[in-house]
Amino acid sequence: MLGLPGPRASGPFRSERSSVKRAAVLFVCLGNICRSPLAEAAFRQEAERRGLDVEIDSAGTGTWHVGHPPDRRAQAVALRQGIDISGYRGRRVTPEDFRRFTHVVALDRDNLADLKRIRPSDGTAELLLLLDVVEGRQGKSVADPYLGDEAGFDVTWADAVAGAKGLADRIARED
């Protein structure tokens, strides 16, 4: 089973190979308890599988769930894939995130619009929609499963996995 990462590090990272900032990806949804933790987990699994050197985290644009663990249904979906996300805790996007991360990935168009609005002028992160890296899904949002049943979380997981693979391809090409 994939465990949780060590303590979340702070500050920008430099690759040992060069002076270029290593890839760092932040996944963002509204509350940081459903979609973005699943996207973080799926991308962490894909990056590990490929041996990508990348920092990975998730956050929300809202404050309702700061400090809370992921929704129990999100935890259940991840656990079925061998990934324990029970130790993740919700947090809100900060201005520093736009400087720390190379890619800030929104799970839906509304959150992408919010990120564009709150991005500081010196923010260097590329902003993108997760499904923009999935062939035939460009411009589409990952549906929020929060108000639905557990089946919605399975759909969210499938979208997160597809996005993780597409984003890993993109980052591997950039490296």
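Can you tell me which residue within the range 118-166, out of those that are touching a residue at least 40 places away in the same chain (Cβ under 8 Å) and touching a Phe, Trp or Tyr at 6+ places or on another chain (Cβ under 6 Å), is surrounded by the fewest Cβ atoms within 10 Å (Cβ to Cβ)? Restricting to residues being touching a residue at least 40 places away in the same chain (Cβ under 8 Å) and touching a Phe, Trp or Tyr at 6+ places or on another chain (Cβ under 6 Å), the top hit is Ala125. A search for C-beta distances below 7 Å between a residue of the range 55-74 that is closer than 12 Å to Val104 by Cα and any residue that is part of a strand (DSSP E or B) and of a type in the set (Lys, Arg), counting only pairs 6+ apart in sequence or on different chains, returns Ala59/Arg92; Gly60/Arg92. Within the range 59-75, restricting attention to residues that are assigned to a helix (DSSP H, G or I) and in contact with a helix residue (DSSP H, G or I) (Cβ under 7 Å, 6 or more places away or on another chain), the residue that is surrounded by the fewest Cβ atoms within 10 Å (Cβ to Cβ) is Arg73.
The set of residues from the range 88-117 being surrounded by 14 or more Cβ atoms within 10 Å (Cβ to Cβ) and of a type in the set (A, V, I, L, M) comprises Val93, Val104, Val105, Ala106, Leu107, Leu112, Leu115. Given the condition at pLDDT 95 or above, under 16 Å from the mean Cα position of the chain (by Cα) and of a type in the set (Lys, Arg), answer yes or no: does some residue in the range 70-91 qualify? Scanning the range 70-91 turns up at least one residue that is at pLDDT 95 or above, under 16 Å from the mean Cα position of the chain (by Cα) and of a type in the set (Lys, Arg).
Rundown of residues vs (1) of a type outside the set (Ser, Thr, Tyr); (2) farther than 15 Å from Ala160 by Cβ, yes/no style:
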site: Tyr88; (1), (2): no, no
site: Thr102; (1), (2): no, yes
site: Asn111; (1), (2): yes, no
site: Glu135; (1), (2): yes, yes
site: Gly139; (1), (2): yes, yes
site: Ala143; (1), (2): yes, no
site: Tyr146; (1), (2): no, no
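Residue count for the range 27-53 under the criterion of being more than 18 Å from Asp132 (Cβ to Cβ) and among the β-branched types (Val, Ile, Thr): the result is 1.
Restricting the range 49-58 to residues that are part of a loop (DSSP other than H, G, I, E, B) and not β-branched (Val, Ile, Thr) leaves a set whose member that is surrounded by the fewest Cβ atoms within 10 Å (Cβ to Cβ) is Gly51. Just one of (1) of a type in the set (A, V, I, L, M); (2) surrounded by 16 or more Cβ atoms within 10 Å (Cβ to Cβ); (3) not in a loop (DSSP other than H, G, I, E, B) fails for Ile85. It is (3).
The values are calculated or read from the model by the stated rules, or taken from the named source; none is laboratory data. Quick caveat, the model's predicted, so the values are computed rather than measured. FYI the Cβ positions are ideal-geometry reconstructions off the backbone, even for glycines, and counts take in every protein chain you see.
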